[in-house]
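The values are calculated or read from the model by the stated rules, or taken from the named source; none is laboratory data. In this text, all values refer to a predicted model and were calculated from it rather than measured experimentally. When we count neighbours, we look across all protein chains shown, and the Cβ atoms used for this are built from the backbone with ideal geometry, even at glycine. These area figures cover heavy atoms from the full protein model, side chains too; ligands, DNA and RNA do not enter into them. Shrake-Rupley method; radii C 1.70, N 1.55, O 1.52, S 1.80 Å.
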Amino acid sequence: MSSTAAFHLRFARAFLIVFILLLGTFALALTPIVLDISGDEVFYAREFIDLSASFTEMEEGQVERIDDAAHMDVAIGKFYPRLRLIGVRLPREGVPFIPYLERATTLMRNALLDSDVFLSFDALRYDSDSNYLCYLWFPYEHEGTEVLISANLLLVMNGLCDYVPETNVKGKLYEYMEEAKHYAKSNQTGIWSEDENPETSLEASVISNEKKTSNRTLSITVTGDFDTAYNGYVEIERSYPNTKIRQEIRGVVPHVHVIELDETWDKTCFNLTVRISTKSKGKNMTVTARINNKLLASSSTGPYSPDRVLLFLLSAQYSLD
């Protein structure tokens, strides 16, 4: 082979490699579009429009309370979980990030509060603080068609939060969340426009257990006068094999606390104690215990214990059969 032919061959190979790399870059590049959320113009990506279709199962609910952009209470029928947006990490409260925190919360209130929403999940549904861990979607009319917008991606792409994966296992939207973060950082949007490092808040870790947990969940639902603060504990104990699980709980009505159980709790007798007190006088509160949505017991505040609920079951038994 002549030196000229060899040169052309090497050039062709180099060109092909560069072309493939550029093609991959273009394939991942986002096409920004502008959404109007109650007069606030924010960026989203055309590539994100149909992502909700990748989740075959979704739960429908209504947002009833928003603590901040990442934490809120939602009603799913008679189920009132407190949820946390997967991967969303808000910047610390302090200069210069307060305006971004305020804008993020306002954006979520305008988009979600008292609205119908859809929830989708990755492998695990709860974190270790019993928060419902989800992607949250809300309907939006885009070019004459109603589509579902991801609140998680919306916050990340507009630089109103950081994206931090919950586990080492890549979730369904991992690549899209990474691209949304890359877009915000590349364009110095929101928190990424500041010189300071946007140190983010710590979040509860995702519940993980080497034992198979199946669908066995003990849930403690606290309802009553809206926005009533409370605290207390849940304790479940059995004699054989000797095991005790105790979890301190606190929250604001309505809220659901969850303890995951493994298969060793099937067909065993256990004692269950739930003690919850309100932080305000004269508030109504009902505490309900369920396993897999099957009722175990329920109790409410009354004339002899106006600010406290004690729920106790002796030698209860539960089976999946």
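Look at ASN242 and say whether it is more than 13 Å from VAL287 (Cα to Cα) and at pLDDT 90 or above.
Judged against the criteria, ASN242 is not a match.
When you scan the stretch 175-201, how many residues do you find that are open to solvent by 50 Å² or more (accessible area, probe 1.4 Å) and either of a type in the set (S, T, N, Q) or under 14 Å from the mean Cα position of the chain (by Cα) (or both)?
Let us first name the residues in the stretch 175-201 that are open to solvent by 50 Å² or more (accessible area, probe 1.4 Å), namely 175-176, 178, 182, 185-188, 193-197, 199.
Those still in the list that are either of a type in the set (S, T, N, Q) or under 14 Å from the mean Cα position of the chain (by Cα) (or both) too: 186-188, 193, 197.
Looking only at that region, the number is 5.
Check GLY159 against each of (1) open to solvent by less than 10 Å² (accessible area, probe 1.4 Å); (2) in a loop (DSSP other than H, G, I, E, B); (3) closer than 26 Å to GLU64 by Cβ and name the one condition it does not meet.
Unmet condition: (3).
Counting just the residues of the stretch 276-286 that are surrounded by fewer than 20 Cβ atoms within 10 Å (Cβ to Cβ) and touching a residue at least 40 places away in the same chain (Cβ under 8 Å), which one comes out nearest to ILE220 (Cα to Cα)?
THR286
Are there any pairs with C-beta distances below 8 angstrom linking a residue in the stretch 57-72 that is of a type in the set (S, T, N, Q) to a residue that is at pLDDT below 95 and part of a loop (DSSP other than H, G, I, E, B), with the two at least 6 apart or on different chains, and if so which?
Listed by first residue and then by second, the contacts come to GLN62/ASP114; GLN62/SER115.
When both residues are 6+ apart or on different chains and their Cβ atoms are under 8 Å apart, which pairs have a first residue that lies in the stretch 105-121 and is assigned to a helix (DSSP H, G or I), and a second that is surrounded by fewer than 17 Cβ atoms within 10 Å (Cβ to Cβ) and of a type in the set (S, T, N, Q)?
Listed pairs, sorted by first residue: ASN110/SER38; ALA111/SER38.
Given the options SER115, SER120, name the one that is small (Gly, Ala, Ser), within 12 Å of the chain's Cα centre (by Cα) and either surrounded by fewer than 24 Cβ atoms within 10 Å (Cβ to Cβ) or modelled with pLDDT of 95 or more (or both). It would help to see each step written out before you state the result.
On the way: SER115 fails: within 12 Å of the chain's Cα centre (by Cα).
Only one candidate qualifies: SER120.
Quick one: how many residues across the stretch 237-271 are touching a residue at least 12 places away in the same chain (Cβ under 8 Å), part of a loop (DSSP other than H, G, I, E, B) and either buried (at least 19 other Cβ atoms within 10 Å of the Cβ) or over 27 Å from the mean Cα position of the chain (by Cα) (or both)?
Here the count works out to 9.
Would you pick out the residues in the stretch 287-321 that are of a type in the set (S, T, N, Q), open to solvent by 40 Å² or more (accessible area, probe 1.4 Å) and touching a residue at least 24 places away in the same chain (Cβ under 8 Å)?
Going through the stretch 287-321, the residues of a type in the set (S, T, N, Q) turn out to be 288, 292-293, 298-301, 305, 315, 317, 319.
Then keep just the ones that are open to solvent by 40 Å² or more (accessible area, probe 1.4 Å); that gives 292-293, 298, 300, 315, 317.
Of everything in the stretch 287-321, those that are of a type in the set (S, T, N, Q), open to solvent by 40 Å² or more (accessible area, probe 1.4 Å) and touching a residue at least 24 places away in the same chain (Cβ under 8 Å) turn out to be ASN292, ASN293, SER300, SER315, GLN317.
For the structure I just gave you, tell me whether SER219 is of a type in the set (S, T, N, Q) and at pLDDT below 90. Before the answer, list the steps.
Details: of a type in the set (S, T, N, Q): yes; at pLDDT below 90: yes.
Spelling it out, SER219 is indeed of a type in the set (S, T, N, Q) and at pLDDT below 90.
Could you please find all residues in the stretch 123-152 being open to solvent by 10 Å² or more (accessible area, probe 1.4 Å) and touching an Asp or Glu at 6+ places or on another chain (Cβ under 6 Å)?
PRO139
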